[in-house]
Amino acid sequence: MTNTAEPTRKIVPRKAKYDQDFIRRSRGEKIFNACNIILMALLLIFLLYPILNVVAISMSAETEVMAAKVTFYPIGFNPQAYTTIFKDSELWRSILNSFLVSFGGCALSLVVLSIAAYPLAFGRFYGKKLYSIIIMFTMWFQGGIVPLFLTIQNLGLYDTLWALILNSLISAYNVVIIRSYFESIPYSIVESARIDGANDFTILFRLIIPLSKPVLATVALWVIVGHWNDYMNPLVLISSTNKFTLQLKLKSLVLAAESSTSNLSTLSQTTDHKGVAALSTQVKNAVLVVSMVPMLVIYPFIQRFFVSGVMLGSVKG
């Protein structure tokens, strides 16, 4: 009678197991790691200092700002610049306009970009190469500001938020990025769905897009930041103050603060003229902070999609 009992496992003490898994690093590797840590710390300082300096200047006292004593922390806390900005009744309207353009334009852009990239990745049709060349052509040559303005005006979109959304709805670069990620998805998924009777729109919206969250999240961040920081297009295509985006409104606040400084010569000599002059600098830096904060808040929620390995387990051979 054969013995079918399972062989006994060798119990390894935890300390011994830890010693076996421990990797002893050479002296050169330790020096290399130390140099990497020092380099990353220096880069972090170089990247953070300008941001901290902007925040500190916007919240410091007037005399310290004029004396250029502010470095990376506020000296003599003074929120006057933010009070000047937020007391403007039209500011919140411009923030709402920017949110509508940024997030509404982002949602529509992702749909249109996915539809444009899908046939490039999975299509089998005559003229596919020409289709790719036409899309790439727009990366190399553009019409310019005047043709853009005339086109928007003839379409009846001038002085509307739709002009900002539709103008940046699709980008050839983003199409190429999404197409490249689509091509990394096994074609067998598309074939299996077609055998089951699914059409291209069903495959795109129920299979390909859910499997492409990392690239779509990345492109979404690009589109949102692009709309949020856009200044030239609203300047050319928007004329009504109630349709100003945040960048246009903040620019008008900066110009108003600068005009207060330039008119000092017409004012009588008082003790508060230095405070007025400093307010212009404080407002400029406060404007930068106000424009940065929404994107800094949104980024952590999108960052969780910046991962690889979404396709693991989707296809089993």
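The values are calculated or read from the model by the stated rules, or taken from the named source; none is laboratory data. This is a predicted model, so every value here is computed, not measured. Cβ coordinates were reconstructed from backbone atoms using ideal geometry, including for glycine residues, and neighbour counts include every protein chain displayed.
For THR245, the test of being modelled with pLDDT of 85 or more and either assigned by TED's automatic domain parsing to the domain that holds ILE170 or farther than 30 Å from TYR173 by Cβ (or both) is passed.
Scanning the stretch 198-210 for residues being loosely packed, with under 15 Cβ neighbours inside 10 Å and part of a helix (DSSP H, G or I) gives a total of 5.
Which residues, counting only those in the stretch 160-210, are among the aliphatic types (A, V, I, L, M) and within 30 Å of ILE145 (Cα to Cα)?
Matches in the stretch 160-210: LEU161, ALA163, LEU164, ILE165, LEU166, LEU169, ILE170, ALA172, VAL175, VAL176, ILE177, ILE178.
For the structure I just gave you, tell me whether ARG179 is basic (Lys, Arg), in a helix (DSSP H, G or I) and within 24 Å of the chain's Cα centre (by Cα). If you could, list the steps in order and put the result at the bottom.
On the way: basic (Lys, Arg): yes; in a helix (DSSP H, G or I): yes; within 24 Å of the chain's Cα centre (by Cα): yes.
In short, yes.
Would you tally the residues in the stretch 137-195 being touching a helix residue (DSSP H, G or I) at 6+ places or on another chain (Cβ under 6 Å) and basic (Lys, Arg)? Count: 1.
In the list SER184, SER114, SER171, which residue meets the criterion of being polar (S, T, N, Q), modelled with pLDDT of 90 or more and under 21 Å from ALA217 (Cβ atoms)?
Details: SER184 fails: modelled with pLDDT of 90 or more; SER171 fails: modelled with pLDDT of 90 or more.
Testing whether each residue is polar (S, T, N, Q), modelled with pLDDT of 90 or more and under 21 Å from ALA217 (Cβ atoms) leaves just SER114.
Counting only residues that are closer than 12 Å to VAL175 by Cα and within 24 Å of the chain's Cα centre (by Cα), the stretch 117-145 holds 6 of them. If only residues of the stretch 211-254 that are surrounded by fewer than 22 Cβ atoms within 10 Å (Cβ to Cβ) and touching a Lys or Arg at 6+ places or on another chain (Cβ under 9 Å) are counted, the one that is nearest to VAL146 (Cα to Cα) is LEU235.
Residues SER98, SER94: which one is touching a His at 6+ places or on another chain (Cβ under 9 Å), within 30 Å of TYR173 (Cβ to Cβ) and of a type outside the set (D, E, K, R)? Testing whether each residue is touching a His at 6+ places or on another chain (Cβ under 9 Å), within 30 Å of TYR173 (Cβ to Cβ) and of a type outside the set (D, E, K, R) leaves just SER98. Whether any residue in the stretch 83-96 is out of contact with any Cys (no Cβ under 7 Å at 6 or more places or on another chain) and buried (at least 19 other Cβ atoms within 10 Å of the Cβ) is what I want to check. Within the stretch 83-96 (the criterion being out of contact with any Cys (no Cβ under 7 Å at 6 or more places or on another chain) and buried (at least 19 other Cβ atoms within 10 Å of the Cβ)), the answer is yes, since at least one residue qualifies. No other residue among LEU100, LEU52, LEU48, LEU43 is out of contact with any Asp or Glu (no Cβ under 9 Å at 6 or more places or on another chain), closer than 24 Å to LYS249 by Cβ and assigned to a helix (DSSP H, G or I) apart from LEU100.
Mind checking whether some residue in the stretch 122-134 is in the same structural domain as LEU207 (by TED's automatic domain parsing) and buried (at least 20 other Cβ atoms within 10 Å of the Cβ)? Before the answer, list the steps.
So the first thing to find is which residues in the stretch 122-134 are in the same structural domain as LEU207 (by TED's automatic domain parsing), and the list is 122-134.
Now restrict to residues that are buried (at least 20 other Cβ atoms within 10 Å of the Cβ): 122.
Yes; the residues of the stretch 122-134 include at least one that is in the same structural domain as LEU207 (by TED's automatic domain parsing) and buried (at least 20 other Cβ atoms within 10 Å of the Cβ).
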